[in-house]
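Undergrad: This is the structure I have questions about; it appears just below.
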Amino acid sequence: MYIHSAYKFINSNTDVKEYRKELKELSKINLRRSSKFNVLAVLGALKATNDIDLSQNLGIYVASEYGPINDVYKILQTINEENNIVMPFDFLNINSNNVSFYVSQALNKKAKNMLLTSQCLSFEKSLQLALFDLEIEEVKDVLIGGVDESLEEIKAYENYINLAKKTESKDGTCWLYLNNNSENALGKIIKIEEFSNLEELFSKKNKEYSKITLNHFALADEELSSKLPQEKVFISEDFYACEGALRILELLEFKGEHLYIAKDAKDNFITIELKV
């Protein structure tokens, strides 16, 4: 499966008005009352597919750890206050499933589209499904994004989510466009595998890689880190919730055969091999 386009945008917490302003320059889609989550997704999808002739049988996969979490937080605050009612658009904005429809609408495509989430490994699991659909020819090409908004406006958010370490939570929208055509490809997804423990992982991943990158849970695993060639490990300071999308895009900047290792809070692993 070959990557033909990639787009990444990571930004400190920013008002949705700024993103709507940028989106208005790209599309006529009306998201004036929509959530930051939806706007970030559509903005990233449009940027990733600029000047690409997409097939009618395009599969759209939006991965997210938290969805429109700030709108959910706003709703909960409203409910807990006396004499306040939930406004219709506020209620609509907590329906995270809307996001893939908006992306499809902005791209003028009516094929398969969905939102997927899987605790700590949302992008990795979504990519696994997308590539399976491509292999069995359920779709002709794939547009997959990892989208999450900053949690910085949610008080003590680190008490409610899994994090290996405290770090700034940022807005992020990172996208890949893939198909089975090797011509002019940016890179190739070679293999995605799951492992239940480190011993199993290292029994299969024993060849040399040009670069190795890890998500924050894998990076915090001292046993894993001690077994990796440190000169090959690429560590980035950028971080947002759907981290896997960002790590794959970062590997596209280097020539060679690379490995991305992701770990969840329950010590399960997913690896993605990538050739550039």
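Undergrad: Which members of the stretch 185-214 meet the condition of being among the polar types (S, T, N, Q) and in contact (Cβ under 8 Å) with a residue 12 or more places away in the chain?
TA: Those that are among the polar types (S, T, N, Q) and in contact (Cβ under 8 Å) with a residue 12 or more places away in the chain: Ser196, Asn197, Ser210, Thr213.
Undergrad: Continuing with the same structure: With the structure loaded, tell me whether Glu199 is within 30 Å of Asn57 (Cβ to Cβ) and open to solvent by 80 Å² or more (accessible area, probe 1.4 Å) or whether it fails that test.
TA: no
Undergrad: Looking at (1) open to solvent by 20 Å² or more (accessible area, probe 1.4 Å); (2) in a loop (DSSP other than H, G, I, E, B); (3) within 30 Å of Asn50 (Cα to Cα); (4) not polar (S, T, N, Q), which is the one condition that is false for Leu151?
TA: Condition not satisfied by Leu151: (1).
Undergrad: Residues of the stretch 182-196 being in a loop (DSSP other than H, G, I, E, B), surrounded by 11 or more Cβ atoms within 10 Å (Cβ to Cβ) and not aliphatic (A, V, I, L, M), which ones?
TA: Matches in the stretch 182-196: Ser196 only.
Undergrad: Continuing with the same structure: Please indicate, with yes or no, whether at least one residue in the stretch 39-50 is in a loop (DSSP other than H, G, I, E, B), open to solvent by 20 Å² or more (accessible area, probe 1.4 Å) and of a type in the set (Ser, Thr, Tyr).
TA: No, every residue in the stretch 39-50 fails to be in a loop (DSSP other than H, G, I, E, B), open to solvent by 20 Å² or more (accessible area, probe 1.4 Å) and of a type in the set (Ser, Thr, Tyr).
Undergrad: Additional query: Asn83 passes all but one of (1) part of a loop (DSSP other than H, G, I, E, B); (2) at pLDDT 85 or above; (3) open to solvent by 20 Å² or more (accessible area, probe 1.4 Å); which number fails?
TA: (2)
Undergrad: Could you grab me the full set of residues in the stretch 241-263 that are within 19 Å of Leu198 (Cβ to Cβ) and either surrounded by fewer than 18 Cβ atoms within 10 Å (Cβ to Cβ) or touching a His at 6+ places or on another chain (Cβ under 6 Å) (or both)?
TA: Listed by number, the list is empty, since nothing qualifies.
Undergrad: Also, quick follow-up: Mind checking whether some residue in the stretch 114-127 is assigned to a helix (DSSP H, G or I), surrounded by fewer than 21 Cβ atoms within 10 Å (Cβ to Cβ) and among the aromatic types (Phe, Trp, Tyr)?
TA: no
Undergrad: Would you check which residues across the stretch 223-276 are basic (Lys, Arg) and not in a loop (DSSP other than H, G, I, E, B) and list them?
TA: Listed by number, the residues that qualify are Lys232, Arg247, Lys263, Lys275.
Undergrad: Is it true that Gln77 is out of contact with any Lys or Arg (no Cβ under 6 Å at 6 or more places or on another chain), exposed (fewer than 13 other Cβ atoms within 10 Å of the Cβ) and under 30 Å from Leu251 (Cα atoms)?
TA: So Gln77 fails the test.
Undergrad: While we're on this one: Looking at Asp238, Asp267, which is the one that is open to solvent by 30 Å² or more (accessible area, probe 1.4 Å) and within 18 Å of Trp175 (Cβ to Cβ)?
TA: None of the others qualify; the one that does is Asp238.
Undergrad: For the stretch 2-27, name all the residues that are out of contact with any Ser or Thr (no Cβ under 9 Å at 6 or more places or on another chain) and either without any contact (Cβ under 8 Å) to a residue 24 or more places away in the chain or open to solvent by 30 Å² or more (accessible area, probe 1.4 Å) (or both).
TA: His4, Ala6, Asp15, Lys17, Glu18, Lys21, Glu22, Leu23, Lys24, Glu25, Leu26
Undergrad: Additional query: Here is a list: Asn179, Asn159. Which entry is more than 19 Å from Ile270 (Cα to Cα), buried (at least 17 other Cβ atoms within 10 Å of the Cβ) and of a type outside the set (A, V, I, L, M)?
TA: After applying the criteria, what remains is Asn179.
Undergrad: Ok, one more. Kindly indicate whether Lys110 is open to solvent by 30 Å² or more (accessible area, probe 1.4 Å) and in contact with a helix residue (DSSP H, G or I) (Cβ under 7 Å, 6 or more places away or on another chain).
TA: Yes: the conditions hold for Lys110.
Undergrad: Being aliphatic (A, V, I, L, M), open to solvent by 50 Å² or more (accessible area, probe 1.4 Å) and more than 19 Å from the chain's Cα centre (by Cα) is the requirement here; does Leu92 meet it?
TA: yes
The values are calculated or read from the model by the stated rules, or taken from the named source; none is laboratory data. All of these numbers come straight from a predicted model, not from anything done at the bench. Positions of Cβ are backbone-derived with ideal geometry, glycine not excepted, and every protein chain shown enters the neighbour counts. When the accessible area is computed, the model is the full protein with side chains, heavy atoms only, and any ligands, DNA or RNA have been set aside. Shrake-Rupley method; radii C 1.70, N 1.55, O 1.52, S 1.80 Å.
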